[in-house]
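Some notes on the structure that comes next.
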Amino acid sequence: MGSKKDSAFTTEALREAIEADSGDGLLALYEDDAQIRVIDHADQPSHPKVLRGRGEIEEMLADIYSREMIHRLDQCVIDGDHAAFTESCQYPDGNKVYAESMVTLRDGRISDQILIQAWDE
């Protein structure tokens, strides 16, 4: 595991991680015991999909980054131990995915995330 400085959550670190060709950089921004709650049309707010720990988060990121699409960080606001960011993705056929996240940070890494996403069908 790298030092806190190596994995510190900054807008530029997040941009580099999201816009990379793999999820490795993004995974490095999460605590080992991080949790992500995913809300979308398949996983409603009352019953979100919950990913616990870096192993489950790594599986999700591997799936996402195995797809042919462009990822872009649109906005990021950091306020102390909290951050919010939006990202957009586009498949070669023009279909788009949009996501908003609110995260809690611990020692400069994501410990909890609520991810709301929608996509063209």
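Observations on the model:
- The number of residues in region 74-87 being open to solvent by 30 Å² or more (accessible area, probe 1.4 Å) and among the small types (Gly, Ala, Ser) comes to 2.
- Answer residue from region 45-73, given it is within 20 Å of Gln90 (Cα to Cα) and open to solvent by 80 Å² or more (accessible area, probe 1.4 Å) and is farthest from the chain's Cα centre (by Cα) among those: Glu68
- Test: residue in region 38-48 that is over 17 Å from Val97 (Cα atoms) and among the hydrophobic types (A, V, I, L, M, F, W, C): no
- All positions within region 20-44 that are open to solvent by 80 Å² or more (accessible area, probe 1.4 Å) and touching a Lys or Arg at 6+ places or on another chain (Cβ under 9 Å): Asp32, Asp33
- Single residue of region 95-121 satisfying the filter (aliphatic (A, V, I, L, M) and closer than 17 Å to Pro48 by Cα) that is surrounded by the fewest Cβ atoms within 10 Å (Cβ to Cβ): Ala118
The values are calculated or read from the model by the stated rules, or taken from the named source; none is laboratory data. Fair warning: this is a prediction, and the values are worked out from it, not measured in the lab. When we count neighbours, we look across all protein chains shown, and the Cβ atoms used for this are built from the backbone with ideal geometry, even at glycine. Ligands, DNA and RNA are stripped out before the accessible areas are found, and what is left, the full protein with its side chains, is counted by its heavy atoms. Shrake-Rupley method; radii C 1.70, N 1.55, O 1.52, S 1.80 Å.
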